[in-house]
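Any read-out appearing in this document is the output of simple, stated calculations on the displayed coordinates, not a laboratory observation. None of the values given here were measured: they were computed from a predicted structure. Cβ sites come from the backbone with ideal geometry, for glycine too, and all protein chains shown count toward neighbours.
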Amino acid sequence: AQTVTQSQPEMSVQEAETVTLSCTYDTSESDYYLFWYKQPPSRQMILVIRQEAYKQQNATENRFSVNFQKAAKSFSLKISDSQLGDAAMYFCAYREAGGSEKLVFGKGTKLTVNP
Amino acid sequence: NAGVTQTPKFQVLKTGQSMTLQCAQDMNHEYMSWYRQDPGMGLRLIHYSVGAGITDQGEVPNGYNVSRSTTEDFPLRLLSAAPSQTSVYFCASSLWTAGTNVLTFGAGSRLTVL
């Protein structure tokens, strides 16, 4: 079974600085998708960014970018110019290709942004 | 367009009671699913459905029952609540096609079983 590991239970960053959240995963599949979700105190799960495993180019969404290392099974999230509104739990998630919609989540990283 | 609507937002039950968490979506999504979120555990899949009349088990299905009589609704039933089912429950939906479809989540339902 696939597993997703987030080794940093908590992280903190100064406002306007850059922070990187780590995620590793285990799978024997060659085609899959990876996601980062944000969960603010409101509990709403919000998609931050997604990556297709067959694409070598790292995904970017404004201040959010990923470092996808397929051979190392690593999928880290970089947040640039951190803002107070970025404070939240961040979850890394894996999904097989082939039409399966089942997500496997990591345990999350709590990000604190200090003013 | 309301997206994914979950009710109730909060519920307290006594051990052995039954209840149904409601989930409705107005986006004509084929795929719907239920996750539970426990402290330090991330989200885990309980049950899912790829269309009306079709359901299947996820990672942690025991103690829960689902049915999918319409495309819009996917209720989660607890037949005899146990304290171990204290959790936050999320319903999610997406279009059922291969590719990078993104799950749309509801706002969650916090359940406490005493």
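Taking the centroid of alpha carbons for each part, segment A:1-42 and segment B:24-87 are 24 Å apart. A DSSP coil position with no more than 15 other Cβ atoms inside 10 Å describes the following GluC sites (Glu not before Pro) in segment A:1-48: A:GLU15, A:GLU17, A:GLU29. Under a model in which nothing but the beta-carbon of Lys, Arg (+1) and Asp, Glu (-1) is charged, the protein assembly as shown shows a dipole of about 460 debye around its Cα centre.
Only Cα pairs under 8 Å and 6+ residues apart enter the sum, and on that basis the relative contact order of chain B stands at 35 percent.
To the nearest 20 debye, what charge dipole does segment B:1-87 have about its Cα centre, counting +1 at the Cβ of each Lys and Arg and -1 at the Cβ of each Asp and Glu? Walk me through the numbers on the way to the answer.
Details: 6 positive and 7 negative charges, 72 e Å.
With only Lys, Arg, Asp and Glu charged at Cβ, the dipole is about 340 debye.
When the alpha carbon gyration tensor of segment A:67-108 is reduced to an equivalent ellipsoid, the three semi-axes, largest first, read 24, 15, 9 Å.
Between A:GLU61 and B:ASN28, what FRET efficiency comes out of the Förster formula 1/(1 + (r/R0)^6) with R0 = 22 Å and r the beta carbon distance, rounded to 0.05? Plugging the Cβ-Cβ distance into 1/(1 + (r/R0)^6) gives 0.25.
How big is D, in µm² s⁻¹, for chain B by Stokes-Einstein at 10 °C and 1.306 mPa s if Rh is the Kirkwood radius over C-alpha pairs?
Details: Rh = 14.0 Å.
Diffusion coefficient, whole number: 113 µm²/s.
Site pair A:LEU84 and A:ASP31 shows an inter-label distance of 4.6 nm when each label is modelled 7 Å from Cα along Cα→Cβ. When you filter the chymotrypsin sites (Phe, Trp or Tyr not before Pro) in segment A:61-115 for DSSP loop state and at most 10 other Cβ atoms inside 10 Å of their Cβ, nothing is left. When its C-alpha radius of gyration is set against 2.2 N^0.38 Å (N residues), the protein assembly as shown gives a value of 1.02. So which GluC sites (Glu not before Pro) in segment B:5-78 are both in a DSSP loop and have at most 15 other Cβ atoms within 10 Å of their Cβ? Here the sparse-neighbourhood loop sites are B:GLU59.
Mean sequence separation of contacting Cα pairs (under 8 Å, at least six apart), scaled by the length of chain A, corresponds to a relative contact order of 37 percent. Note on B:GLN17 and A:ALA71: the model spin-label points, each 7 Å out from Cα along the C-beta direction, lie 5.7 nm apart.
In segment B:1-64, a dipole from Cβ-located charges (positive for Lys and Arg, negative for Asp and Glu) runs towards its positive end, and of B:HIS47, B:LEU13, B:SER33 it is B:LEU13 whose Cα lies farthest in that direction.
Counting lysine pairs in chain A that sit 8 or more residues apart in sequence, or on different chains, and whose Cα atoms lie under 24 Å apart gives 20.
Starting with the fewest neighbours, write out B:MET32, A:MET45 ranked by other beta-carbon atoms found within 10 Å of each beta-carbon.
Working: B:MET32 30, A:MET45 24.
Starting with the residue having the fewest Cβ neighbours, the order is A:MET45, B:MET32.
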